[in-house]
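One structure is given below, encoded as structure tokens.
The values are calculated or read from the model by the stated rules, or taken from the named source; none is laboratory data. Treat the numbers as computed from the prediction; the structure is a model and nothing was measured. Ideal geometry is used to build each Cβ from the backbone, glycine not excepted, and the neighbour counts take in all protein chains shown. Only protein heavy atoms, including side chains, enter the accessible area calculation; ligands, DNA and RNA are left aside. Shrake-Rupley method; radii C 1.70, N 1.55, O 1.52, S 1.80 Å.
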Amino acid sequence: MTIVEIKTKIYDDQKPGTSGLRKSVKVFQQEHYTENFIQAIFTALEDQITGSTLVVGGDGRYYGKEAVQKIIRIAAANGVRKLIVGQHGILSTPAVSNLIRKYKTLGGIVLTASHNPGGPNADFGIKFNCDNGGPAPDHMTNKIFNITKSLTSYKIIPELNVNIDIIQTNEIKLDNTFTVDVIDSVNDYVILMKEIFNFPIIKELLQERKFELLVDCLNGVTGPYAKCIFGKELGLNDTNIVHSIPLEDFGGLHPDPNLTYAKDLVETVRNGTYDMGVAFDGDGDRNMIIGKKALFVTPSDSLAILAANLNVIPYFKKNGIKGYARSMPTAAAVDQVAKLNNIECFEVPTGWKYFGNLMDAGRLSICGEESFGTGSDHIREKDGIWACLAWLNVIAELKKSIEEIQKDHWLKFGRNFFTRYDYENCELEKANKVMTEVETKILDPAFKGTKLCDGTKNYVVKHADNYSYTDLIDKSVATKQGLRILFEDGSRIIFRLSGTGSSGATIRLYIEAYETDQNILYNDAQEVLKPLINIALNLSKMQEHTNRDKPTVIT
Ligand code: VG1
Ligand code: CO
């Protein structure tokens, strides 16, 4: 087998977004396109690549297996010593993060477009994670992008093919031995979960106490993990784990665990006797938690409630609680917990990569995003199954329903009402108009102190900006992370453009209000937030600029 150097053509659109490079499958299938990006990752790693070990796997979506073979051929040609590959090319994003850390590899390549639909006419994605197990930080993804803009060739062993459907160690004789270790996708992750949580008490909850759980994997990667953990280990009935076979096109589902795209689960729990429902996204890093009759727990509340109850989870009993964090648009519910518990709390830009440094520095134990992401420093990615187990562990110890736990939490800490409006797939130009409209208005120095009104409600602007963040540890700066309007009473309006879409633009509008008044505490969020929503829609001229009279998704 010989290494050949293939002359390539440059693609100028390989800039990774919030979490990796995401494009339609058709784009990745263009000649040299995938190869270029893989080569750029390896080139960016410079001499570390020689003799290195990397983890490779993805969420099982269409084009994943082909991409794995390409990675194998290019890795061998670039001097990588060993690849650890999930069987059938399957590894959840949290599982990749765990493997990188456990086997101390140089990093990993995750083949996923996460919550974006899959199939020949949908999306694919490639993401590089570093040796701490977390998504590559900005300086690394910028480096990769810059390399793609001047790449003239890539190295490959074209005839190399490895059977990734059989668990075995494949040794390929090149100048040195190149190893492809095809491993069980689930084992190491299950071991980790059993170290973190009190499995016996969760098992008792599900079996003796007959707590009814319904798990929806949305035909994404979590199926085999859920079956092993909730089924085999914790005794949950097979029929309580649905959509549990990873499908290349997710069976046509949009594997995004929210009230819109996981509506099957929501309806089944609403009309059934279930005590809890949970759904995960395509690559297994997101989770949605609902209680009896489909009571919705916002991800911001979920983070805060778990943060407030970490002391019942063995992992945190052992390691202590070092700090909390949330992404900027996430409602500040966890900040209230931090205040009362006297624990450090950080705010970072959108995207899990910004939590990594704080965790590595021993400053952060649990964090989350409003976009259905929750996780801890057990790995460096958000973790859907972890979040579900954390809830089960808390419920089992507190011996209360999700509704009671949530009510108690609001009584003690107050409630951060939150909603997100997504305007998906807008024309870029129209989306930009909305952002410019808002930015021009709020960056005007006179904006501070103005009173914005809707009906009888009015809000005084305390501060407004385009959010920028300086990393506490490495001092790197991330600018233009979202337009923020902060009001005197703690309410917030935030506008951002999504960085995970594959075409067009998605506008995200985030609205938050904090209340401690018991007469309001249990009211409907959309009602409570209505005045702020109206103010945001008027200020941005949303309808005028986008021709949309309502968002695609309301959370
Ligand atoms: C979205 C979410 C963000 C999340 C990111 C990746 O990004 O808002 O909170 O970290 O997806 O999640 P954006 O730029 O579209 O708003 V996943 O599950 O795709 O890895
Ligand atoms: Co995801």
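Annotations
- Of the chymotrypsin sites (Phe, Trp or Tyr not before Pro) in the stretch 226-326, those whose Cβ has at most 10 other Cβ within 10 Å and which sit in DSSP loop: none
- Using a Förster distance of 51 Å, the FRET efficiency for E66-E544 (Cβ separation, nearest 0.05): 0.70
- Along the axis of the charge dipole computed for the chain (Cβ charges of +1 for Lys and Arg, -1 for Asp and Glu, origin at the Cα centre), the listed residues G277, I6, L483 are led at the positive end by L483.
- Ranked by how many other beta carbons lie within 10 Å on average, peptides 1-7, 526-532, 37-43, 220-226 from highest: 220-226, 37-43, 526-532, 1-7
- Ranked by the mean number of other Cβ atoms within 10 Å of their residues, highest first, the peptides 205-218, 456-469, 173-186 come out as 205-218, 173-186, 456-469.
- DSSP-loop GluC sites (Glu not before Pro) across the stretch 25-75, with at most 15 other Cβ within 10 angstrom: E31
- Considering helices alone, the calculated mean residue ellipticity of the chain at 222 nm is -9500 deg cm²/dmol, with DSSP H runs of length four and up weighted by -39500 (n - 2.57) and normalised per residue.
- Residue-wise HN-Hα coupling along the stretch 24-32, computed from phi with Karplus coefficients 6.51, -1.76, 1.60 (Hz; x: Gly, Pro): 5, 3, 4, 5, 5, 7, 4, 4, 6
- Convex hull volume per residue, computed on the Cα atoms of the stretch 1-48, equals 118 Å³.
- Rounded to the nearest 20 debye, dipole of the chain from Cβ charges on Lys, Arg, Asp, Glu: 560
- Site pair T440 and L472 shows an inter-label distance of 3.9 nm when each label is modelled 7 Å from Cα along Cα→Cβ.
- For N198, no residue 5 or more places off, or on another chain, has a built amide H under 5 Å of its own.
- Length-normalised contact order of the stretch 318-382 in % [C-alpha pairs under 8 Å, at least 6 apart]: 36
- All distinct Cα pairs of the stretch 1-121 go into the 1/r average, and the inverse of that average, the Kirkwood radius, is 14.9 Å.
- Stretchable slack from T268 to N342, in nm (0.36 nm times residue separation minus alpha-carbon distance): 22.6 nm
- The share of accessible area on the stretch 53-101 that comes from carbon and sulfur is 40 percent, using a 1.4 angstrom probe.
- Solvent-accessible surface of the chain, taken per residue with a 1.4 Å probe and all protein chains present: 38 Å².
- Highest to lowest packing among 149-157, 358-366, scored as the average C-beta count within 10 Å: 358-366, 149-157
- With R₀ fixed at 25 Å, the C-beta to C-beta distance from Q30 to N176 puts the FRET efficiency at about 0.15.
- Selection from T450, I167, G220 lying farthest towards where the dipole of the chain points positive, charges on Cβ: T450
- When the solvent-accessible area of the stretch 222-327 is split by element, carbon and sulfur atoms take up 51 percent of it, the probe being 1.4 Å.
- Percent of Cα pairs exceeding the 41 Å cut-off, where the set is the chain: 20
- Options Q39, I49, S97, ranked by Cα towards positive dipole end of the stretch 1-118, top entry (Cβ charges): S97
- Relative to one another, the C-alpha centroids of the stretch 482-539 and the stretch 7-69 are positioned 36 Å apart.
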